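Please treat every number below as a calculation from the coordinates, not as lab data. None of these values were measured; they are calculated from a predicted model. Positions of Cβ are backbone-derived with ideal geometry, glycine not excepted, and every protein chain shown enters the neighbour counts.
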Amino acid sequence: MYWADELAASVEGPQVVNDSKTPSGTVHVGSLRGPVILDVIARALRDRGVPTTLLYGVDDMDPMDAQALLTPDAVDHEMGRPLAHVPDQTGDCHASYARHHAQTFIDIFAGLGIHPDRYYWMSDIYPTGAMDPFIRAALERAQVVRDVYLRVSKVERPAGWLPVQAVCPSCGKVGTTIALDWDGETVRVECRPDYVTWARGCGFDGRISPFGGAAKLYWNLEWAAQWSLFGVTIEPCGKDLATAGGSRDRADAIAREVFDRAPPRNLPYEFLNIGGRKMSTSKGRGAAAHRIVEVLPPEPLRLLFLRPRPNQAIEFDPEGTDAIPRLFDELDRLAAAVAGKPYRGELPPDPERLLAFVQLDPAPPERLAEAAATYRPAFAHLALLAQIPGVDIAARVADEKGAPLAAAEEGTLAERLAAARAWLDAYAPASAVVRVHRDALPPEAAALGEDQRLFLGALALAAGEEDPHGGDAWQGLLFRVAGEAALPAGRAFGAVYLAFLGRPNGPRAGWLLASLEPGFVVGRLRLAAGWHDRARGAGQEAEA
RNA sequence: GGGCCCGUAGCUCAACGGUAGAGCGGGGGACUCUUAAUCCCUAGGUUCAGGGUUCGAAUCCCUGCGGGCUCACCA
């Protein structure tokens with residue numbers, strides 16, 4: 001059984017599925033694994049008739065602690081302030097740094113078929129007072145919290161430490177404050193210059209009421225408080241949090257011992273690594289989630305996350321590899337299998353469910369076969385066609401299908417063609433790129449045999465005499481000259497590709513040559529044939 | 001040091017208790033108007049090592065070795 005179905009089968013009663021994210025900067029592709037897993041769990045629950053609520057939160061009261069995306073003069077002022085209070089650095093009309101990065105990320109969800117029932121922002125929640133009971137409980141049981149930190153994570157807090165962080169009334173920073181001396185209504189707040197290394201406090205020292213948004217819980221407690229506030233029953237989390245003695249263990253213990261509640265069901269999931277290494281937020285082309293989405297349409301992207309089990313690390317290396325074409329191929333193979341068409345290789349367990357979860361819309365089972373059977377043009381082939389001038393791609397694809405494309409199939413074609421172009425532009429390995437060497441004979445042409453050179457020379461002569469126009473004319477000429485030279489077609493075409501592309505194969509040669517200026521073609525043919533001395537004059541003659 | 005993941009054909013990976021499979025690469029073959037980036041054929045690998053459970057293990061358990069990520073400050 002598919003893992004999400006197993007999870008769905010193991011719970012009772014209505015479920016609240018939750019995930020949240022701290023928008024500390026640009027969010028990369030790997031972070032989409034959580035939302036996709038969340039969505040699939042919700043779908044699996046609903047498919048079993050379990051009433052389900054899907055929540056997605058933004059922990060935007062957390063302190064700004066990464067200066068990479070701040071302008072140098074902003075660092076001193078902004079570091080340590082709540083992310084929701086830091087101005088948007090890109091100036092594109094978001095209310096804050098947090099809104100900018102979180103919204104850019106969230107905007108991807110709908111396109112991926114992920115539709116939480118509710119988004120919540122902690123900067124909205126704290127002022128309502130909804131967190132106050134949890135702040136009070138945490139303050140009352142501060143000693144329990146300290147014990148949990150020590151027992152679960154071997155972390156010892158400084159003397160007098162309380163599990164809340166006030167927003168400094170003077171400088172507005174939250175990362176630099178320590179709360180002390182809870183008297184039942186107020187805490188003493190010190191905004192210390194050296195409390196953390198990454199931000200500098202202003203030195204404020206005074207008493208405040210920690211309620212109504214004046215203070216926030218430390219993130220671990222905030223997490224546990226969210227579970228109580230929203231009644232969360234299932235919450236997956238990434239392995240950075242799920243590690244033994246890590247944040248999740250602390251939050252679980254705090255839920256039980258401070259907020260008197262069983263923690264939600266966990267589903268730890270592994271990361272997605274780009275090229276064998278962890279992704280970097282600030283560098284690395286295509287690592288940003290909103291950029292990958294430009295190259296990978298929703299279905300293959302969902303497949304990337306859903307094909308492996310959640311606890312399996314995903315290695316994804318789009319740079320200069322065939323990782324992206326293979327993802328499309330895997331999707332097509334899966335669809336073919338579900339549609340009852342022939343396929344090769346082994347299938348994952350429960351292919352029907354996997355394909356259903358890969359679909360953008362949760363389609364009823366009876367429509368799955370229909371969706372699976374739609375014609376999907378091969379990505380690698382589209383990438384090739386996209387590089388050949390003068391090809392009517394839609395007509396060619398319809399030809400291959402053997403019937404006119406349905407509207408949905410035309411959509412798939414357009415989507416894949418755009419993806420193929422983006423892939424060629426940003427990621428494709430050299431072997432997938434067809435490029436005419438215009439300036440000089442490709443070095444690879446040195447491998448041309450004498451028979452091939454003779455053929456190219458003969459082709460140049462024939463072309464000069466007949467001045468072929470169009471792909472068909474060129475293609476016919478190629479075959480005829482090859483036949484007259486008694487050269488096997490394979491060697492003849494190979495010679496043309498070497499002379500123009502520097503590679504032994506390529507797109508249909510006739511149409512390739514027809515797309516280039518006749519003078520260039522003839523000149524290049526002569527050059528490749530070894531007729532350097534006469535190339536210039538003959539080329540002019542041919543052009544005349 | 002703790003946790004998780006991985007170690008299967010040259011490379012990338014699948015199969016996850018029942019006779020080891022794909023893609024790419026490599027090798028062989030086919031083709032006069034043709035998706036020459038196509039089609040057909042071709043992979044014999046102590047499934048990292050050692051032990052255990054089982055009628056049966058790549059698959060489950062234990063140990064070891066190697067690699068990756070992650071936590072131990074914050075989130």
Inside region A:37-69, the number of residues satisfying the requirement of being away from RNA strand B (no atom under 16 Å from the Cβ) and either assigned to a loop (DSSP other than H, G, I, E, B) or small (G, A, S) (or both) is 6
Lone unmet requirement of (1) under 35 Å from the mean Cα position of the chain (by Cα); (2) crowded, with 19+ Cβ neighbours inside 10 Å; (3) within 12 Å of RNA strand B (Cβ to nearest atom) for A:Y126
(3)
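Checking the conditions here, which among A:D194, A:D240, A:D183, A:D205 is surrounded by fewer than 18 Cβ atoms within 10 Å (Cβ to Cβ) and within 30 Å of A:R46 (Cα to Cα)?
Working: A:D194 fails: within 30 Å of A:R46 (Cα to Cα); A:D183 fails: within 30 Å of A:R46 (Cα to Cα); A:D205 fails: within 30 Å of A:R46 (Cα to Cα).
Being surrounded by fewer than 18 Cβ atoms within 10 Å (Cβ to Cβ) and within 30 Å of A:R46 (Cα to Cα) holds for just one of A:D194, A:D240, A:D183, A:D205, which is A:D240.
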Here is a check on your reading of the model: is A:A369 without any contact (Cβ under 8 Å) to a residue 60 or more places away in the chain, of a type in the set (A, V, I, L, M, F, W, C) and in a loop (DSSP other than H, G, I, E, B)?
no
Residues of region A:311-349 being buried (at least 16 other Cβ atoms within 10 Å of the Cβ), more than 8 Å from RNA strand B (Cβ to nearest atom) and over 16 Å from the mean Cα position of the chain (by Cα), which ones?
A:E330, A:L331, A:D332, A:L334, A:A335, A:A336, A:A337, A:V338, A:A339, A:Y343
Within region A:1-36, how many residues turn out to be within 26 Å of A:E222 (Cβ to Cβ) and assigned to a loop (DSSP other than H, G, I, E, B)?
9
Looking only at region A:98-123, how many residues end up being surrounded by 17 or more Cβ atoms within 10 Å (Cβ to Cβ) and more than 21 Å from the chain's Cα centre (by Cα)?
4
Pairs please, first residue from region A:302-320 and closer than 17 Å to A:P268 by Cα, second anywhere and near RNA strand B (Cβ under 7 Å from one of its atoms) and among the aromatic types (F, W, Y), Cβ atoms under 8 Å, 6+ apart in sequence or on different chains.
A:A313/A:F271; A:I314/A:F271
Identify the residue in region A:490-503 that is within 22 Å of A:W531 (Cα to Cα) and either among the small types (G, A, S) or free of Cβ contacts under 8 Å to residues at least 40 places away in the same chain (or both) and, among all such residues, is nearest to RNA strand B (Cβ to nearest atom).
A:F493
Go through region A:431-453 and report how many residues are among the aliphatic types (A, V, I, L, M) and within 9 Å of RNA strand B (Cβ to nearest atom).
3
Filter region A:242-271 for residues that are within 19 Å of A:R146 (Cα to Cα) and within 8 Å of RNA strand B (Cβ to nearest atom) and give the result.
A:A244, A:G245, A:G246, A:S247
